[in-house]
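Report on the following structure.
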Amino acid sequence: MKRVLILDTETTGLDPATDTVVEVASILYSVTHATVLAAYSSLVRAEGNAAEAVNRIPPAALAAAPSAAAVWASIQATAEHADAILAHNASFDRSFAPPEIRDIKPWICTKDDLQWPKQTRPSPSLAVIRGGLLDRCAQPEPHPGTLTRHGWAAFAVVLAVIAAGYVAAV
């Protein structure tokens, strides 16, 4: 595996039949060169956000965001350069993605398919992974609390930095 697309969504709820995506972020990561090749993040236009208390995305910002079609087209263009899509709780993100993204590449779940440092249960939370990764890197968290809140960008960068070793083993 030479390149992976690390992907995350923020949604208005847990049911893809009734809820919508309000943010998509991705990083095209070169496993071969251990570097980020491209990064993309966008809010997605929506009329409201029932999950604002969880994802902290104000509905007013969503009203000015690009359309879902435009956002997913950007993701698809990048995904075409990847060998697989990597996501934490991949079944959740995949269920919210349009068919052209769901079926474009195989998906790898960082929650269920990879063994992380300090993993003490079968499907670790992002907070457990964060703790293990920060210990592994022997670095303090650059902005305390960022990796325990929703907001993919900070976690995705940390995940991208260590992904080469874990993805290469899959």
Single match in Val21, Val54, Val44 (criterion: touching a residue at least 40 places away in the same chain (Cβ under 8 Å), buried (at least 16 other Cβ atoms within 10 Å of the Cβ) and over 20 Å from Asp113 (Cβ atoms)):
Val21
Given (1) open to solvent by less than 10 Å² (accessible area, probe 1.4 Å); (2) at pLDDT below 95, Met1 misses just (1)
Condition first: closer than 21 Å to Lys111 by Cα and touching a helix residue (DSSP H, G or I) at 6+ places or on another chain (Cβ under 9 Å). Can you find one or more residues in segment 57-77 that meet it?
no
Picking from Ala69, Ala79, Ala84, Ala97, which residue would you name as being open to solvent by 50 Å² or more (accessible area, probe 1.4 Å) and not charged (D, E, K, R)?
Ala69
Any residue in segment 69-88 that is modelled with pLDDT under 95, part of a helix (DSSP H, G or I) and within 22 Å of Thr20 (Cβ to Cβ)?
no
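What residue, of Leu14, Leu7, is open to solvent by 70 Å² or more (accessible area, probe 1.4 Å), under 16 Å from Phe92 (Cβ atoms) and outside any helix (DSSP H, G or I)?
Leu14 is the lone residue from the list that is open to solvent by 70 Å² or more (accessible area, probe 1.4 Å), under 16 Å from Phe92 (Cβ atoms) and outside any helix (DSSP H, G or I).
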Tell me whether segment 138-151 contains one or more residues that are modelled with pLDDT under 80 and either crowded, with 17+ Cβ neighbours inside 10 Å or assigned to a helix (DSSP H, G or I) (or both).
yes
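The values are calculated or read from the model by the stated rules, or taken from the named source; none is laboratory data. Predicted, not measured: the structure shown is a model, and the values here were computed from it. Glycine also receives a Cβ, built like all others from the backbone with ideal geometry; neighbour counts cover every protein chain displayed. Heads up: the accessible areas ignore ligands, DNA and RNA and are worked out on the full protein's heavy atoms, side chains in. Shrake-Rupley method; radii C 1.70, N 1.55, O 1.52, S 1.80 Å.
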